[in-house]
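Input: a single structure, listed below in C-alpha cells.
The values are calculated or read from the model by the stated rules, or taken from the named source; none is laboratory data. Since the structure is predicted, the reported quantities are computational estimates derived from the model, not experimental observations. Ideal geometry is used to build each Cβ from the backbone, glycine not excepted, and the neighbour counts take in all protein chains shown.
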Amino acid sequence: MKNLLYSSSLLIFIIFLTVPEVMSVNLNGSLKSTADYISFPKQFTIPKAYETSELGVTLTSWWRPLLAVSPSGGYWYIGARSTAPVTIEVKKLGAKEFSFAATVFPDQPISLPYPKFTMWDDLVVKITSVGDRSKIVPQQTI
C-alpha cells in the first residue's frame with residue numbers, strides 16, 4: 001500500500017511537471033513566448049467600481065497577469081502587468097461597438113477618456129494582441 005501511494009504520488013508529480021510543456025506554455029519564460037500560444041481577442045467585463053469590494057481587477061490569460069484595471073477619482077486607469085505592450089479596445093457594456101483603442105506599455109498606465117468612461121460604468125475590455133504581435137495604437141476615441 002505504501003509503495004502504491006509513493007508510485008502514484010511520483011506519477012502525479014511527474015505529470016504536473018510535464019503538463020506545462022505538453023500545453024506549450026513555458027511558465028518560467030517571458031510573456032513573449034507565452035503570448036505565442038494565447039488566442040486573441042479576449043474579452044473581459046469590468047463591473048462598476050461601487051459594485052465590487054475590490055479596488056481593481058487584474059485581467060489574466062493562461063495564469064499570466066496582462067492588465068490591471070482600477071478606478072480612481074471617477075476615472076478608469078489601465079496599466080500593463082506584463083513586460084510586453086498590450087493592445088486593447090474598450091466599450092461600455094451594452095454598446096454595440098468599441099469606442100476606444102490604445103496600446104498599454106509597461107510602466108505607462110493610461111486613463112480612459114472622461115466623461116465617456118466613468119467608474120460608474122460597466123466596461124468591456126477586449127485584449128486584441130500582446131507583445132510582438134501588438135500593433136502600436138495611440139490612445140484614440142473611435
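Below is a table of values for the structure above.
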{"read-out": "Residues of the stretch 60-85 classified as more than 22 Å from Asp121 (Cα to Cα), of a type outside the set (Lys, Arg) and out of contact with any Phe, Trp or Tyr (no Cβ under 6 Å at 6 or more places or on another chain), total", "value": "7"}
{"read-out": "Within the stretch 58-91, tally of residues that are over 11 Å from the mean Cα position of the chain (by Cα) and assigned to a strand (DSSP E or B)", "value": "9"}
{"read-out": "Test: Gly94 is in a loop (DSSP other than H, G, I, E, B) and modelled with pLDDT of 85 or more", "value": "yes"}
